[in-house]
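No lab work stands behind these numbers, since they all come straight from the coordinates. Since the structure is predicted, the reported quantities are computational estimates derived from the model, not experimental observations. Note that each Cβ is placed from the backbone with ideal geometry, even for glycine, and that neighbours are counted across all protein chains shown.
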Amino acid sequence: MDAILPIELQAEAFSFSRPISAYEYFDTKISERNFCDPIESNISDEIMARLSSFSYLDENWDSNGAVQLDDATIENCFFLLQKLPKKYLQNISRDDISLTPYGTIVLDWTDKNKMLSLEIGDDSIGYFAKLANNETSIAESVKLEKNKVPNELVDIFYKFHS
């Protein structure tokens, strides 16, 4: 049987570092960041409402056999958006968020002649990016780990924004 710590030590054991901005999160080595660090969110109410509305859709929501969205997919989408710097969230609206009949959520960004499209699932993310000079980058399945943004995804956002 484990001993119970005095209340002072319990509070000390669960203390968090200062909140950091999403900019700081992306500008540090995120693979080494403590997942408990609080992040300030810049997600608009409009986007939050759009994503939340997806949880009410049943199987066959499109009358063509569409798969019901898994809660993990919506959670992954919220998690990713919470980690994005404000500069990325300013360029996405509710119309840039859509569902696929396969049970994934698609987020699209466009900027002049560049485009980035993420397809978020319950355990992975795929993306297609058309970058400067017509360079393209594609990934079909980047594995998502709990509370971590894959470095590959951070890299593609940097390339898109450059």
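Taking Tyr56, is it touching a residue at least 24 places away in the same chain (Cβ under 8 Å), among the aromatic types (Phe, Trp, Tyr) and on the phi < 0 side of the Ramachandran plot?
no
Looking for something touching a Cys at 6+ places or on another chain (Cβ under 9 Å) and closer than 27 Å to Phe54 by Cα - is there at least one such residue anywhere in the range 137-157?
The answer is yes; a qualifying residue exists.
Could you grab the pairs with beta carbons closer than 7 Å, sequence gap of 6+ or different chains, first residue in the range 81-106 and over 21 Å from Asn151 (Cβ atoms), second one in a loop (DSSP other than H, G, I, E, B) and of a type in the set (Ser, Thr, Tyr)?
Val106/Thr100
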